[in-house]
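Below is one structure, written out as structure tokens; the observations come after it.
What follows is calculated from the coordinates using simple rules that are stated; it is not laboratory data. A quick note: this is a predicted structure, and the numbers were derived from the prediction, not measured. Reconstructed Cβ throughout: ideal geometry from the backbone, glycine too, with neighbour counts over all protein chains shown.
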Amino acid sequence: MATSTSFAHPFAKTLKTFKTASGKPGRFYSLPALAQAFPNVQRLPVSLRIVLESVLRHCDGERVLPAHVEQLANWQPAASRTEEIPFTVARVVLQDFTGVPLLADLAAMRSTAARLGQDPKKIEPLVPVDLVVDHSVMVDYYGQKNALDLNMKLEFQRNRERYQFMKWGMQAFDTFGVVPPGFGIVHQVNLEYLARGVHLKGGLYYPDTLVGTDSHTTMINGIGVVGWGVGGIEAEAAMLGQPVYFLTPDVVGFEFTGQLREGVTATDLVLTVTEILRRHKVVGKFVEFFGEGTASLSLPDRATIANMAPEYGATMGFFPVDGKTLDYFRGTGRSKAEIEAFEAYFRAQGLFGVPGAAGAQIKAGEIAYSQVITLDLGTVAPSLAGPKRPQDRIELGLVASQFRSLFSQPAASNGFNQPEDRLPVRHPVVTSEAGAAPAKGYTLGNGDVLIAAITSCTNTSNPSVLLAAGLLAKKAVEAGLKVRPHIKTSLAPGSRIVTEYLTETGLLPYLEKLGFALAGYGCTTCIGNAGDLAPAINDTIVRNDLVCAAVLSGNRNFEARIHPNLKANFLASPPLVVAYAIAGTVLKDLMTEPVGQGKGGKDVYLGDIWPTSDEIHALMRHAMKGKAYRENYAQVRTEPGKLWERIRGAAGTTYDWPSSTYIAEPPFFTGFSLQGGPADVPVSIQGARVMALFGDSITTDHISPAGSIKESSPAGLWLKEHGVLKADFNSYGSRRGNHEVMMRGTFANVRIKNLMLPPKADGAREEGGFTLHQPSGEKLAIYDAAMRYQAEGVSTVIFAGEEYGTGSSRDWAAKGTQLLGIKAVVARSFERIHRSNLVGMGVLPLQFKTGDSWESLGLRGDETVDVVPHPALTPQSDAQLVITRPDGTRRTLTVTLRIDTPIEVGHYRAGGILPYVLRQLLGA
């Protein structure tokens, strides 16, 4: 804790002791003791109490003031939200796609410090940082027993320079650790290994809290840990000792009653919860689950629900600590001493148990929630979500009819805008290369399933649904069912433990027989790492404009995310992924029609092969063996794998920045001086041109470079100019450490629609990252237009609709925006992380008032724009938007400045959070 020498802790009397079951004493800052001065603490939701403990413990008179403690202790459920909380986390967790650019920023800070004659070691993480390499494996090989080995060899071949850089970071920073490739998905590794329950430092116990550079960091909320996803920009500040600042939130209480019906999975439950909470508009709020139904849920089921917080829009989906949490810690190999300290600490804080459940220390009625939502678990039905958004739940029996309906509906209604008579037409797969067709005489049609993937963190932490998939595969194989060989099937578990218990139960061979061979341990299909389809299949889809499908057990299904040529993507439980792979189409109603024909041509229905709860439960003991978890994760340090051991990283305190198309020193500190600051950043924007006019739901997938790199794109052309062959392009995600690639790929998504461009002859909107340069009217790639505007000394702005920046917490969505010279984004609403990241990169987020939009202004994109906020940049104050049309007429509109907190004002005035933090670290 950073405490000034003259500062006496104003709440020193709250420092108390507790004892574990073995009699070991521990010191802690007591919330029950604080409640003696602030009785309202006893009415706070559990999640807020844990945040309050951090504020109390870090009260130092500098970053955290006594007033901050008092404000949060007096939180009211329905108050206006104008106060900010300085939340200091216990640790930071990174995934490699976002972690590598963060490490590059740290390395650049050290290089900058050295150039200024300062000690580079001043740049050092002040809390433990763990980077889990999980986003780099791609499903190039599938459906064969050696797919894992082949995919990992390719992964290391493609990413050697990145991995060398990570190894430099491991030796350069004292508190920076790496979990190498092949261990699992960051969130499951976090649950099974990194999370400790409570920490002990300097004789003081405190709860595990964190932020992570993946929006699904919220999975950790399932074990009572307060934490959420932030961009790499914000995470960087957190690991360098800065509090995470956020507005005091509303807390929505979500009560579960009853129990799930036979045949209903945790995936069905989470898709239902996502739909409900999206409808209740919980963006920026905490959601806290309580009630007897909540207490009945297994820990993996809780983690599944917590994981999807970004999809239902909440900052967190929090589950309090109870006996099920302790059971999970035992089953995953935590030590007896750790578990005793964990339980004793939460009991001493009066926070043990799920409110509203038997034995809980807090009764549900004692908590003042901002809003309460109730769901009877018995009403949940088997479901999928899609075909374009995770909140669009469809009951299993309605999937086929919904797809048929959407086929001919306009894109504005989430449809595919296709003539209805084209739906049943099938097309032969034709190829000019001998033997390249996936199957002789094979045809493709709309609704065909071409990717079926058991993937992503949502479900691969949950043994119940993975065992269900294995049992369904066993019954299907025994019934004589098969999967057509052209369907790209893959199994990418979140942990090695998964394949251990699938092997031990004898289920893995049945999954392999249906094509679900182990393809990798990591985030694959859901992140866009599904690998490509066969050339003949791609050609047939494109030539005939087919609407084909992917079915995956993931959490994201936005357009072009899974594969650029697959327009329909459905989220489903792992057993339903297997079932749809067998069916081969989403046009089949699996509730009434046979999944397929088995032995002797006999119809086999889903009910014939669906596993029972008793069958799943009988195998669960194989999934929770503490010894197996301990032995597995001991290998992170002792036996990380020969491929990782062969990687040789550079040594030294500072990085020498060798020539590389993967890693380059970022330009964010160019011209940095210790004396720089407010004067460097003009408050108003004058004479800006419009870079793009976007509609609703522009995601970070649309903005940030992701997926494969097209040869003809600005990024592809740059790589070729630097001697990189098309076969070695790799993905945008793997090249996030090189700003030259990333800025060229910003707004380059093949499905993004800039509505400045005129409609095509058929009325459809053009897709791809293009704009019209003004005043020339020339059509250019957004990157090329941005470079021309910058050469002309012209600023640019973007206009958008609702939910701008939803999706993964990609800092490059903001970094790329800044490097392209875009000074402001004006939208009807913003996603929480992306709004914060824009401010952190010195880009102004501005929000239309209710009823206003760029459409209501009649914008065409040929106007010039002035932005005039109040000179003080008062958080959430009014700003003036002045639109000047080509004929000279002007229109002034009031918008809201979405700089939300005073600390964000400081970040923006300093030119962004990175120079702000660097000046603090170097003592400026």
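Run the simple label-point estimate for LYS513 and LEU150 please: 7 Å along Cα→C-beta, distance reported in nm.
2.2
In whole Å, what is the distance between the alpha-carbon centres of the stretch 717-766 and the stretch 4-56?
Comparing the Cα centres of the stretch 717-766 and the stretch 4-56, I get a distance of 51 Å.
Run a plain Debye calculation on the stretch 470-509 (Cα atoms as equal point scatterers, no solvent) and give log10 I(q)/I(0) at q = 0.19, 0.24, 0.33 Å⁻¹, rounded to two decimals, same order as the q list.
Results for the stretch 470-509 at q = 0.19, 0.24, 0.33 Å⁻¹ read -0.66, -0.92, -1.09.
Report, in deg cm²/dmol and to the nearest 500, the calculated mean residue ellipticity at 222 nm for the chain, where each DSSP H run with n ≥ 4 adds -39500 (n - 2.57) and the sum is divided by the residue count.
Result for the chain, helices only: -9000 deg cm²/dmol.
Charges on Cβ only, +1 for Lys and Arg, -1 for Asp and Glu, centred on the Cα centroid of the chain; of ALA469, ALA579, GLY888, which one is farthest towards the dipole's positive end?
ALA469
For the stretch 244-370, I need the span (max minus min coordinate) of the C-alpha atoms along each principal axis, in Å, sorted largest to smallest.
43, 40, 29
Quick one: plug the Kirkwood hydrodynamic radius of the chain (C-alpha pairs) into Stokes-Einstein at 10 °C, 1.306 mPa s, and report D in µm²/s.
Diffusion coefficient, whole number: 56 µm²/s.
From the C-alpha gyration tensor of the stretch 252-305, pull out the three semi-axes of the equivalent ellipsoid (sqrt of 5λ each), sorted largest to smallest, in whole Å.
19, 13, 10
Which whole-number percent gives the relative contact order of the chain, counting Cα pairs below 8 Å spaced six or more residues apart?
Dividing the mean separation by the residue count of the chain yields 13 percent.
Could you tell me which residue out of THR374, VAL867, HIS563 lies farthest along the dipole of the chain toward its positive end? Charges go on the beta carbon: Lys and Arg +1, Asp and Glu -1, centred on the Cα centre.
So the residue we want is HIS563.
Any idea how far the Cα center of the stretch 550-586 sits from the one of the stretch 888-924, in Å?
First find each Cα centre; the distance between them is then 41 Å.
Which whole-number percent of Cα pairs in the stretch 447-581 have a distance greater than 18 Å?
Across the stretch 447-581, Cα pairs with separations above 18 Å total 49 percent.
Which of the lysines could a cross-linker span from LYS602 if the Cα-Cα distance has to be under 22 Å and same-chain partners fewer than 8 positions apart are dropped?
Filter leaves LYS474, LYS475, LYS482, LYS513, LYS588.
Within the stretch 296-370, which trypsin sites (Lys or Arg not before Pro) sit in a loop by DSSP and count at most 14 neighbouring Cβ atoms inside 10 Å?
Within the stretch 296-370, the qualifying trypsin sites (Lys or Arg not before Pro) (loop, at most 14 other Cβ atoms within 10 Å) are LYS363.
Quote the charge dipole size of the stretch 154-300 about the Cα centre in Debye, to the nearest 20; the model charges only the Cβ of Lys and Arg (+1) and of Asp and Glu (-1).
300
Give me the count of lysine pairs in the stretch 91-379 whose alpha carbons sit under 30 angstrom apart, restricted to pairs 8 or more positions apart or on different chains.
Taking the Cα cut-off of 30 Å, the pair count is 16.
Using packing as a proxy for protection, rank 797-806, 212-221 so that the peptide with the highest average count of other Cβ atoms within 10 Å comes first.
Final packing ranking: 212-221, 797-806.
Two decimals is fine: what is log10 I(q)/I(0) at q = 0.10, 0.13 Å⁻¹ for the stretch 91-379, from a Debye sum with one equal scatterer on every Cα and no solvent?
Debye intensities relative to I(0), on a log10 scale: -0.60, -0.97.
Cβ neighbours within 10 Å, averaged per peptide: list 708-716, 648-656, 444-452 in order, most packed at the top.
In decreasing order of mean packing, 708-716, 648-656, 444-452 become 444-452, 708-716, 648-656.
Would you give the gap between the C-alpha center of the stretch 113-130 and the C-alpha center of the stretch 488-544, rounded to a whole Å?
Comparing the Cα centres of the stretch 113-130 and the stretch 488-544, I get a distance of 41 Å.
Provide Rg over Rh for the stretch 12-73; use the alpha carbon set for both Rg and the Kirkwood Rh (inverse mean inverse pair distance).
When Rh is taken as the Kirkwood radius, the ratio is 1.00.
What number, in percent, do you get for the relative contact order of the stretch 91-379 if the mean sequence gap of Cα pairs under 8 Å and at least 6 apart is divided by its residue count?
Taking the mean separation of contacting Cα pairs over the length of the stretch 91-379, I get 19 percent.
Please list the radius of gyration and Dmax for the stretch 384-623, considering alpha-carbon atoms only, with Å as the unit.
17.2, 52
Could you count how many Lys pairs in the stretch 752-827 have their Cα atoms under 21 Å apart, skipping same-chain pairs fewer than 8 positions apart?
5
Under Stokes-Einstein, with the Kirkwood radius over Cα pairs standing in for Rh, what whole-number D in µm²/s applies to the stretch 323-430 at 37 °C and 0.692 mPa s?
Rounded to a whole number, D works out at 170 µm²/s.
Rg and Dmax in Å for the stretch 744-880, alpha carbons only: what are they?
Gyration radius and largest Cα-Cα distance of the stretch 744-880: 14.9, 49 Å.
I'd like to verify something in the chain: which complete DSSP H helices, judged by Cα projection on the helix axis, reach 30 Å or more and average at least 1.6 on the Kyte-Doolittle scale?
The qualifying helices: there are none.
For labels at ARG765 and ALA618 in the simple 7 Å Cα→Cβ model, what's the distance in nm?
For the pair ARG765/ALA618, the computed spacing is 5.4 nm.
Give the shape of the stretch 605-700 as rounded, prolate or oblate, defined through the alpha-carbon gyration tensor: a ≥ b ≥ c are the square roots of its eigenvalues, a/c under 1.5 means rounded, and otherwise the shape is prolate if a/b is larger than b/c and oblate if not.
Oblate, because a/c is 1.5 or more while a/b does not exceed b/c.
Order these peptides, 99-108, 72-81, by their mean beta-carbon neighbour count within 10 angstrom, highest first.
Descending mean neighbour count gives 99-108, 72-81.
Given Cβ point charges of +1 (Lys, Arg) and -1 (Asp, Glu) and nothing else, what value in debye, to the nearest 20, does the dipole of the stretch 384-623 about its Cα centre take?
In debye, rounded to 20, the stretch 384-623 gives about 180.
With +1 on the Cβ of every Lys and Arg and -1 on the Cβ of every Asp and Glu, and nothing else charged, how large is the dipole of the stretch 703-861 about its Cα centre, in debye rounded to the nearest 20?
The dipole of the stretch 703-861 has a size of about 180 debye.
Cα-Cα pairs above 17 Å in the stretch 725-784: how many percent?
In whole percent, the share of Cα-Cα pairs in the stretch 725-784 beyond 17 Å is 50.
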